[in-house]
Amino acid sequence: METMVRPSNGFLSALSADDYELIRPYLRTIDLPHEALLVETGETLKRAYFPHRGVISLVVKLAKGEHVQVAMIGRDSLLGTLSTMGDACALNTAIVLVPGVASVMDLDRLRGAADQSSTLRTLLTRHGLAVYAQVQQTAGCNAAHPVESRLSRCLLHTHDLSGDFRLLLTQEAMAQMIGARRNSVSLVANTLQQANFIHYSRGHIQILNLDGLRQTACECYATVKAQYDRLLGPR
């Protein structure tokens, strides 16, 4: 395994030279296979993940078997930010939604580096707040907005995080993303396809019209994006 070039992950590229050097010796690169389980709810998270490509889905599993996505982590951030500052017990399940590549390091090493640097701790906090903003907005969106708007929001966000117009997303995965039933997802995906916003076939989605999806999405897409820009933009 090789260490990847730093700028391809937003968190790593935002580090100062000194802060990056604190963690650089412990970074290694791994593949993120499709649907790989990174941690289960209640387990101890042992590694921090910095995606360069691909998307990690944070999922809440309910007692009756339903799985609902509450946030996504992609090339702009990392999985494990809050665990460096408190309890490493996972509050949700993390699954690879879109396959890719990530840098990883032991969480204890990242926690140790944060103990040495106030600027690294501050950046971890800001990334944690950005993910929290996404979780909060997702909860409100899934409770109040139409399925079509929610799916458009999630497709746009997945594109932003992965950097890819071609996505491997089953109906089950999309249902988890928006907290809806699979038959509702099938109907809405067909509507978006008829509008030539996407092409969808057997779990393969090609985004054809980003502007069309933006017009269909609810305000939650722009709200989350604005929060990320505010918290993680150039300082």
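When the residues of the stretch 25-68 are filtered to those that are open to solvent by less than 10 Å² (accessible area, probe 1.4 Å) and among the small types (G, A, S), which remaining residue is farthest from L79 (Cα to Cα)?
Residue satisfying both the conditions and the ranking: G54.
Within the stretch 109-127, which residues are open to solvent by 10 Å² or more (accessible area, probe 1.4 Å), touching a residue at least 40 places away in the same chain (Cβ under 8 Å) and within 22 Å of the chain's Cα centre (by Cα)?
Once the filter is applied, which keeps residues that are open to solvent by 10 Å² or more (accessible area, probe 1.4 Å), touching a residue at least 40 places away in the same chain (Cβ under 8 Å) and within 22 Å of the chain's Cα centre (by Cα), the stretch 109-127 yields L123, T125, R126.
For E35, are the conditions met, namely being in a loop (DSSP other than H, G, I, E, B), assigned by the TED database to the domain that holds V68 and of a type outside the set (A, V, I, L, M)?
yes
Of all residues in the stretch 134-152, which are of a type in the set (V, I, T) and under 24 Å from S186 (Cβ atoms)? Steps first, please.
Start the filter on the stretch 134-152 by keeping residues that are of a type in the set (V, I, T), which leaves 135, 138, 147.
Residues satisfying the conditions are T138, V147.
Counting residues that are touching a helix residue (DSSP H, G or I) at 6+ places or on another chain (Cβ under 6 Å) and within 17 Å of R47 (Cα to Cα), which helices (runs of 4 or more DSSP H) fully inside the stretch 94-175 reach at least 2?
Details: elements: 107-116, 118-144, 147-162.
The qualifying helices (runs of 4 or more DSSP H) are 107-116, 118-144.
Can you find, within the stretch 72-93, the residue that is farthest from L232 (Cα to Cα) among those that are among the hydrophobic types (A, V, I, L, M, F, W, C) and open to solvent by 40 Å² or more (accessible area, probe 1.4 Å)?
C89
To keep it simple, each residue is scored yes or no on (1) touching a Ser or Thr at 6+ places or on another chain (Cβ under 7 Å); (2) modelled with pLDDT under 95; (3) within 30 Å of R181 (Cβ to Cβ).
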| position | (1), (2), (3) |
| --- | --- |
| L38 | no, no, yes |
| T41 | yes, yes, yes |
| H67 | no, yes, yes |
| L78 | no, no, no |
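Just checking, does the stretch 7-24 include any residue being in contact with a Ser or Thr (Cβ under 6 Å, 6 or more places away or on another chain), under 23 Å from P99 (Cα atoms) and open to solvent by 30 Å² or more (accessible area, probe 1.4 Å)?
Yes; the residues of the stretch 7-24 include at least one that is in contact with a Ser or Thr (Cβ under 6 Å, 6 or more places away or on another chain), under 23 Å from P99 (Cα atoms) and open to solvent by 30 Å² or more (accessible area, probe 1.4 Å).
Could you grab me the full set of residues in the stretch 55-86 that are in a strand (DSSP E or B) and within 24 Å of D108 (Cα to Cα)?
Step one: list which residues in the stretch 55-86 are in a strand (DSSP E or B), which gives 55-61, 67-73, 79.
Within the stretch 55-86, V55, I56, S57, L58, V59, A71, M72, I73, L79 meet the criteria.
The values are calculated or read from the model by the stated rules, or taken from the named source; none is laboratory data. Worth saying up front: this structure is predicted, and the values here are computed from it rather than measured. Positions of Cβ are generated from backbone atoms using ideal geometry, with glycine treated the same way; all protein chains shown enter the neighbour counts. Accessible surface is based on the protein model in full, side chains and every heavy atom, while ligands, DNA and RNA are left aside. Shrake-Rupley method; radii C 1.70, N 1.55, O 1.52, S 1.80 Å.
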